[in-house]
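Nothing in this text is a laboratory measurement; each read-out follows from the coordinates by a stated rule. Computed from a predicted structure; not experimentally measured. Cβ sites come from the backbone with ideal geometry, for glycine too, and all protein chains shown count toward neighbours.
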Ligand code: AHR
């Protein structure tokens, strides 16, 4: 059953802010089967690790703009010098954050830079504040960026790389309020300034200094950081995960009720208010909006899959995850004037992954398809919209049923992405496009029969985008019938 047509206005004449492509960034931590036996593979321990071409192709297809590395919590444990030079001389370490497994440092700076070069993505490196030193971080920065004539540039050369890589995005610690050192914001603000002060400009690369941001809605953290360290900061990195149940008893990825569907969607939607509050604080100290609000870790977090190492955070990924991602991407886009970067956690085999692997096989998750559908919004001009397509209610939870993003690309095409989180009802949306004459609409849709539909190694294409014929243009009015639990992407010309 569908409801009466509802109102949406796309203001094609009022665009002001660009949707930064960096909102569609990714994250690769030394955790579980992401780096080893994920992006990198080898046939035997005697061989060096090599990057999987199929993964590179898949990530290039979603125009991956940047990749955050090496953590996460691992970043404040990582000593970069252990990961350079001849592989047989690299020391091992125990990855105490993630299962106590032995890490042989086979993937280090050169291997990571090789990956981002193949991907055509910008690196976002997170340095070690928690267990490192100012000198260690400063020398890493010098190693990757100093063109010549310095001890670290010479060391890089001896390791086979002449030219600097010109890395600009630089994280000064990770979650310094938690696994990165359990610091108070006042203490971390001072530490941040000390570390950030030893990241000089080299050649044409000026550091883009990213501070640890708040855990979720910790407004006090942001207030203190902006007040004490705003002048030395280019980005503030907030982390936000959504889950059902509690941190100690999380819900499952593929087995869940409609109540849990509604819970996850509501938590995804709450990001809007969190970002509004954060932006309000930042606006007070930085009215010109120079400092980026970055959501450096975000996504869904479920119980790990049965018979997998719980410390490896391997979870399946259903249509529900895709819808939650779409809701949150719409929110980032709506805050495009302040939110300029985000990194979903994580790229392969960990948490809300784009790609799952099993031996030589790999599959693209429903969330991957969302990222593919949103590539049209990368660096496009956001078009302000008003939208009210009714509410989705379940028990005492009520939330907007439909959210959306509209943008205009460099070729003048308008792209409208609509997300209907109602798992039961189609929604009819009547939309007027103001300020631009459009005569043609085409579309694609991502949906499935069941809330927990997902791709498996036996059925890797169970959930994938299809052609959409539910949009009609009559004069200047567009009518769209959004299927239940769907994401619809429209192109208007
Ligand atoms: O993404 C997994 C972990 O979650 C990261 O290492 C940490 O930063 C966060 O708490």
Checklist line | Helix axis angle, 109-119 relative to the chain longest principal axis, alpha carbon, degrees | finding: 30
Next item on the list: Would you mind putting 275-287, 172-184, 466-478 in packing order, based on average other-beta-carbon counts within 10 Å, highest first?
Entry: 172-184, 275-287, 466-478
Next item on the list: Find, to one decimal place in angstroms, the Kirkwood hydrodynamic radius of the chain, where the mean of 1/r is taken over every pair of different Cα atoms and then inverted.
Entry: 23.2
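Based on the mean of other Cβ atoms within 10 Å per residue, sort peptides 215-222, 78-85, 62-69 so the most packed one is first.
62-69, 78-85, 215-222
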Next item on the list: Using Cα centres only, tell me the gap between segment 337-377 and segment 458-479 in whole Å.
Entry: 21
Note to self: Between residue 398 and residue 379, what is 0.36 nm times their sequence separation minus the Cα-Cα distance? Round to one decimal in nm.
What the structure shows: 3.6 nm
Notebook entry, point to check: So, in nm, how far is label residue 216 from label residue 257 when the simple model puts each one 7 Å beyond its Cα toward the Cβ?
Noted result: 2.2
Check: So what is Rg over Rh here for segment 344-405, counting just Cα atoms and using Kirkwood for Rh?
Finding: 1.12
Margin query: Angle check, please: helix 319-334 long axis (alpha carbons) against the longest principal axis of the chain (alpha carbons), in degrees 0 to 90, nearest 10.
Written below: 80
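Given the rule -39500 (n - 2.57) for each run of at least 4 DSSP H residues, summed and divided by the residues of the chain, what is its mean residue ellipticity at 222 nm, to the nearest 500 deg cm²/dmol? Don't jump to the answer; show the numbers that get you there.
Numbers: 10 runs with 114 residues, N = 493.
So the helix-based figure for the chain works out to -7000 deg cm²/dmol.
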Next item on the list: Could you order peptides 318-327, 289-298, 22-31 by the average number of other Cβ atoms within 10 Å of their residues, highest first?
Entry: 318-327, 22-31, 289-298
Item checked: Whole-angstrom gap from segment 395-449 to segment 234-288, using each part's C-alpha centre -> 22
Next item on the list: Specify, per residue and in Å³, the volume enclosed by the convex hull of the alpha carbon atoms belonging to segment 1-106.
Entry: 221
Margin query: Between segment 302-322 and segment 171-196, how far is it from one alpha carbon centroid to the other, in angstrom?
Written below: 30
